[in-house]
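All remarks here apply to the structure that follows.
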Amino acid sequence: MAACGPSVDPEALGVCGRERGLDRQEVFPPADQWASADAIVVNDDRVFATVNRGAAVLGKHRVLRAYDGEGELVWEHDGADEELGRALTTTPDGGVVICDRRQGVGTRLTRFTANGDVVWSNTGPVDCNGIAVTRSGLIAVGGEGEIFTFDADGEPRDSWIIRHVSWIKDIVADGDSLVVLLTYTHNFTIERYREDGEFEWAQPIGLGRVTTGASSITVAGDAGGIVVAGWIEHPFSGVRRQSALWRLSADGEQLWTTEEDAFDGVSGHFSHVVADPDGQLLVVGSAGDPVNGMFVAGYSAQGERQWWDGGPSAEFGHGHALALDSCGSVYVAGTMEQEGRIARYTPPD
């Protein structure tokens, strides 16, 4: 990543010059009606985001957009009709790979440069539930109960069936290994593999009377380990769902769990989690009943909440994904009043 986030002058902005304190700096244009901003990543001097348009009158398709650090649109790419963006990941050369899915057809992987040129496009698995790039440059995609890998040129390499037959929710690269998040009806499991498919370990979470759900998984900074974001539901409790984080060591040992009931009994859940190099955690989610409001929050590496903004009355209806740049700015993708929105925040110290 660039020395100070996407296209940022260190003397002009943020942690690099911005006034501190949680502040939504701006909403990036344009706002898409009848759409949802579902994925976002930061790579060098670009912010990449997918917006899926879902109205029949407009046609269902995705738009991949690239912004600079000031929120200026640099380029955009329209997907095919009925094709929706499912997952994004960055590449070592500053570009991005998107996995699109078309109902009844399957998926397509496309690699773009930072300037929007298509490097290659290739057929992917039947479905796409997470995408990641390992340290060696191998691209891994979570399919329906199976992991598929491709080389840097988009050519298929290996595939293997996961140990515990379930729904793959997300996948993250940890060096030359892949960590896979699997969800069930009442709990979830984390599995770790080498990039050639060799099984390393598995850890089930949430067996017992409580119901647990998971949405996202990330590597916990330079210190290693894994963090999962989701929710917990306790039987007979007054809270339908409480937002939750789980931290595991690199070998799968569960270290801690954080449950969050920040809205006086109103249901909530974490949608996405990322970590900075020091292991500080940033999450986005939604809370409210029946109308949802987006929230963003920061946690220490030990799971202690440090700041929180938003909730049932927040402007964003749903928070779907977030990304972090090297200046500490947070980029959020979400939906408000059926419009796909992308915004930048500067967290407090």
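The values are calculated or read from the model by the stated rules, or taken from the named source; none is laboratory data. Since we're looking at a predicted model, the values are computed, not measured. Neighbour counts are summed over all protein chains in view; Cβ atoms, including those assigned to glycine, are modelled from backbone coordinates with ideal geometry. What goes into the accessible areas is simple: the full protein's heavy atoms, side chains included, and nothing from ligands, DNA or RNA. Shrake-Rupley method; radii C 1.70, N 1.55, O 1.52, S 1.80 Å.
Before moving on, here are some points about what is shown:
- Pairwise Cα distances in the stretch 113-203 exceed 17 Å for 46 percent of all pairs.
- Kirkwood estimate for the stretch 143-289, i.e. one over the average of 1/r between Cα atoms, Å: 15.9 Å
- Burial order of peptide ranges 253-261, 214-222, 107-115 (average beta-carbon count within 10 Å, highest first): 214-222, 107-115, 253-261
- FRET efficiency for W75 and E253, using Cβ-Cβ distance with R0 set to 41 Å, rounded to 0.05: 0.40
- Given R0 = 35 Å, the distance between the Cβ atoms of R240 and D176 translates into a calculated FRET efficiency of 0.30.
- Environment charge at T113 (Cβ cut-off 13 Å; Lys +1, Arg +1, Asp -1, Glu -1): -2
- Gained length - E198 relative to W34, 0.36 nm times residue gap less alpha-carbon distance: 54.7 nm
- q = 0.26 Å⁻¹, the stretch 95-148: log10 I(q)/I(0) [Debye, one scatterer per Cα]: -1.06
- Burial ranking of peptide ranges 152-162, 323-333, 240-250 (average Cβ count within 10 Å, highest at the top): 323-333, 240-250, 152-162
- The stretch 111-243, accessible surface, carbon-and-sulfur percent (1.4 angstrom probe): 45 percent
- Computed lengthening from S300 to V118, 0.36 nm per intervening residue step minus Cα-Cα distance: 61.7 nm
- A full extension of the chain between I161 and D222 corresponds to an added length of 19.0 nm, given 0.36 nm per residue minus the alpha carbon distance.
- Two-site label geometry, D93 and Q338: point separation in nm, points 7 Å out along Cα→Cβ: 4.2 nm
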